[in-house]
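What follows draws every value from the coordinates through simple rules; no lab data is involved. On a predicted model such as this, the values are computed, not experimentally measured, just so you know. Cβ coordinates were reconstructed from backbone atoms using ideal geometry, including for glycine residues, and neighbour counts include every protein chain displayed.
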Amino acid sequence: MANLFVHVLRAHQWVYENSRGVVGHRLLFGNPTLLLRTVGRRTGQPRTSALTYARDGRDYIVTASNGGSARPPGWLANVKAAPECEIQVGTRRMAVTGRATYPDDPDYARRFGLADKVNQGRYAQYQRMTSRPLAVVVLSPR
């Protein structure tokens, strides 16, 4: 089942990218989805990830859940290594600066709640599946 879900996510991202954002912003589960474009910290190659997001004022919020895995997603390390990245929301592309936040951040719980609500409680479920704190990444337009 998990393997099927991975294929569906990859197909969603492919449609989003290849339609230039015309299709894909709300393809899966009705969740708003953005494309996060980073640079691989080891390879230097461009990387793209389709992620559910929430809004917090001007900022976009994404959660490094990796489906509740003990390992964080690769894109998180890329954002930490090179915070200047790009997002695409629908057909609109924008430069952003990414910043990972954790439970010691005073706004973490509020931001986690925003993201969890948009993702229909899945992030809280994923957090229960792992002992690592799920990073909430703030993507601020430049």
Checklist outcome for this item: Highest GNM mean-square fluctuation among Asp59, Asp116, Asp105, for the chain with Cα springs under 10 Å, belongs to Asp105
Checklist outcome for this item: The answer for Ala135, listing residues at least 5 apart or on another chain whose modeled amide H is closer than 5 Å to its amide H, is Ala64
Next on the checklist: Looking at the chain as a GNM with Cα springs under 10 Å, which of Thr130, Thr97, Thr63 has the largest mean-square fluctuation?
Outcome noted: Thr130
Checklist entry - What residue among Ala100, Trp75, Tyr126 has its Cα farthest toward the positive end of the dipole of the chain, where the charges are +1 on Lys, Arg and -1 on Asp, Glu, each on the Cβ? => result Trp75
Item to check | Rounded FRET efficiency, nearest 0.05, which uses the C-beta distance separating Glu84 from Arg42 and R0 of 22 Å | outcome: 0.80
